[in-house]
Amino acid sequence: NTATWIITFSLFNSAILSNLNSSTTYELVVRSDCGNEVFSNFSPLVQFRTLVLCQEVTALEKQITQTSAYFRWSAVSQAIAYKVRWRPLGEFDWQNTQVTEPRISLENLLPGQTYEIEIQTVCSDNTSAWYHQDFTLLPLCPVVPFTEVVNVGSTEATISFTQVSQARSYYFVYRKVNTSQWNVLLPTTSPVLLSNLEPNTTYEWLIRAECAADLYSSFTEVQQFTTLPACNDVRQLQAEPLVGALSISWQPVLGAEKYGLTYRKVGAFNWSLPIIVESTNYVLEGLEPFTSYEIQIFADCGLHGKSSSQNIQATTSGKCAAPQGIAATQITDTSATLQWNPVLGATRYEVFYRKVNTATWQRSLSLTSTIKLFPLSPSTTYEIMLRTDCNQRFSNFSPVRWFSTLAPQARQYARDESIPIIIYPNPTSRYLHIAELPLPCTLLLTDLQGKLILYKEFSYSDDPSVPLDVSNFTEGWYLIKVFSQDKVHTAKFRKQE
């Protein structure tokens, strides 16, 4: 069905026709050439058909393991089957098989061995050339040879295993018996520590080696262990107050090998380091008297683990000592500062003082071991005694001490009588109000003969408007002087009945 003839020559009674199209029908005629342009007639027309082209396998894909190799390739449209042969590289004999699908799985191969494989397409009329490829199996990753549960507690377990020289890590799984979810660990060395386990519970586990990416050994056989019962909490925890100490006791815990005790002051942040106690009582010494402490105790049951900590609060007792080392310092004509040694356990101090040969004591309180007494009378001897308040527990009084104030001091002030002080009402029978004191300042109130009736110092934090109760003053005239910044301000008022 084509117009153009293809001409070829042959000196013999046969010819090889090449470069033909596969699966194509051709027609053929032959004539003799007798020379000198003398030709015979053409022979009768003969037809023949070329065979179907059997294509070679291409695009081979493979999946290699330690003992098997899986191959897959693109199907050839004319193929009716595929011949496959393989052998270890360097050997003579092939193993052969034939498949109808474009894939094959080779099993029971030698780990780490290099093989060669060849595949040939089988068509209805002919076969293709052999496709050739080499492949190497993964090396063998040995199974972990020995495992052992070496330590089991109530919440922890330690599992030891013999390490595989080819392994870069291990794949360890465990779970509670009769549950579905495995827990996974990826240790690199032995042993494996399992924590946060449930007491008195059976677990199962197994392990395999990882020798390379996606190259694992088989798992070991499933093994089991059972955690120990939990370590019970400490019960009947008691604390008996002692002088600067606490006697702690509790009920024994079954299975406890020892106990741990820590403590701190109530309200403190840090706990003490644990004190290891091998009995069920302990005297906690070196504490502050009359001080509240928190105590924690836990039981240590060895392999059974530790219990949770139990708390108790207790307050130490002790003798509240009287202040010692009392001294009067910074004595002036109107004030004196008292100092003494701090007393352990003191919450505050009571200071009692009075003029010698008078009946009434005056009382002041101090939170520290010092206090300033004022106003005092000039040129006057005072007697003092102190006692310690240890959280409402009082010491005895200290021995009486004495000190004397200085004579009235002459103070130099620049006089400026032109600056008045606003006072009201004047005269008054009860309260006298002084408005807008120039703070800081010192106020002196005297009678007209110069006798000191009142001495008071004011700081920046005081109220500049001062009410004075003069109801007990004798009827008559009085003088107020305010000393501030080298200036003296005066005012005079009359007390009436």
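What to note about this one:
- Inclusion of Ser218 among residues that are hydroxyl-bearing (Ser, Thr, Tyr), touching a strand residue (DSSP E or B) at 6+ places or on another chain (Cβ under 8 Å), within 30 Å of Gln95 (Cα to Cα) and touching a residue at least 12 places away in the same chain (Cβ under 8 Å) is warranted.
- Residue identified as in contact with an Asp or Glu (Cβ under 6 Å, 6 or more places away or on another chain) and within 30 Å of Thr2 (Cα to Cα) among Gln55, Gln47: Gln47
- Among the residues of segment 250-277, those identified as more than 17 Å from Leu287 (Cα to Cα) and surrounded by 15 or more Cβ atoms within 10 Å (Cβ to Cβ) are Trp250, Val253, Gly255, Ala256, Tyr259, Gly260, Val277.
- Matching option when the condition is free of Cβ contacts under 8 Å to residues at least 40 places away in the same chain and in contact with a Pro (Cβ under 8 Å, 6 or more places away or on another chain), among Ser43, Ser74, Ser22: Ser74
- Some residue of segment 179-194 being touching an Asp or Glu at 6+ places or on another chain (Cβ under 9 Å), in a strand (DSSP E or B) and closer than 30 Å to Tyr293 by Cβ: no
- Comparison of Leu11, Leu17, Leu51 shows that the only residue that is within 30 Å of Glu116 (Cβ to Cβ) and part of a loop (DSSP other than H, G, I, E, B) is Leu51.
- Considering residues of segment 211-263 that are more than 34 Å from the chain's Cα centre (by Cα) and among the aromatic types (Phe, Trp, Tyr) only, the residue modelled with the highest pLDDT: Phe219
- If you go through segment 331-359 and pick out every residue that is outside any strand (DSSP E or B), farther than 15 Å from Thr380 by Cα and of a type in the set (S, T, N, Q), you end up with 2.
- Residue among Thr316, Thr347 that is within 42 Å of the chain's Cα centre (by Cα), among the β-branched types (Val, Ile, Thr), closer than 30 Å to Ile275 by Cα and surrounded by fewer than 16 Cβ atoms within 10 Å (Cβ to Cβ): Thr347
- Number of the condition not met by Ile159 [criteria: (1) aliphatic (A, V, I, L, M); (2) within 28 Å of the chain's Cα centre (by Cα); (3) farther than 15 Å from Gln223 by Cβ]: (3)
- Where a residue in segment 377-392 is in contact (Cβ under 8 Å) with a residue 12 or more places away in the chain and part of a loop (DSSP other than H, G, I, E, B) and its partner, wherever it lies, is among the hydrophobic types (A, V, I, L, M, F, W, C) and buried (at least 16 other Cβ atoms within 10 Å of the Cβ), with Cβ under 8 Å and at least six apart: Cys390/Phe290; Cys390/Cys320; Cys390/Val343; Cys390/Ala346; Asn391/Phe290
- Residue count for segment 360-369, restricted to those that are surrounded by 15 or more Cβ atoms within 10 Å (Cβ to Cβ) and either not small (Gly, Ala, Ser) or not in a strand (DSSP E or B) (or both): 1
- Selection count where residues are of a type in the set (S, T, N, Q) and over 30 Å from Asp214 (Cβ atoms), scope segment 32-67: 8
- Subset of segment 375-392 that is on the phi > 0 side of the Ramachandran plot and under 59 Å from the mean Cα position of the chain (by Cα) - its residue that is surrounded by the fewest Cβ atoms within 10 Å (Cβ to Cβ): Gln392
- Index of the failed condition, Gln63 passing every other in (1) farther than 30 Å from Thr24 by Cα; (2) assigned to a loop (DSSP other than H, G, I, E, B); (3) free of Cβ contacts under 8 Å to residues at least 40 places away in the same chain: (2)
- Residue selected from segment 393-404 under the condition at pLDDT below 90 and in a loop (DSSP other than H, G, I, E, B), by the criterion nearest to the chain's Cα centre (by Cα): Arg393
- Reported count of residues in segment 79-111, each being of a type outside the set (A, V, I, L, M, F, W, C), surrounded by 12 or more Cβ atoms within 10 Å (Cβ to Cβ), within 59 Å of the chain's Cα centre (by Cα) and more than 23 Å from Cys54 (Cα to Cα), is 2.
- Restricting the search to strands (runs of 3 or more DSSP E) fully inside segment 410-480 and requiring at least 1 residues that are modelled with pLDDT of 80 or more and surrounded by 15 or more Cβ atoms within 10 Å (Cβ to Cβ) gives 422-424, 431-435, 441-447, 452-458, 466-469.
- Selection from segment 282-316 of residues that are under 29 Å from Asn200 (Cα atoms) and of a type in the set (Asp, Glu): Asp300
- Pro289 being in contact (Cβ under 8 Å) with a residue 24 or more places away in the chain, within 16 Å of Pro241 (Cα to Cα) and either out of contact with any Ser or Thr (no Cβ under 8 Å at 6 or more places or on another chain) or of a type outside the set (Asp, Glu) (or both): yes
- Against the numbered list (1) under 30 Å from Tyr82 (Cα atoms); (2) modelled with pLDDT under 90, Tyr26 comes up short only at (2).
- The set of residues in segment 66-91 that are within 27 Å of Cys123 (Cα to Cα) and in a loop (DSSP other than H, G, I, E, B) comprises Trp73, Ser74, Ala75, Val76, Ser77, Gln78.
The values are calculated or read from the model by the stated rules, or taken from the named source; none is laboratory data. The structure presented is a predicted model; accordingly, all values stated were derived computationally and were not measured. Methodologically, a virtual Cβ is constructed for each residue, glycine included, from the backbone with ideal geometry; neighbour enumeration extends over all protein chains shown.
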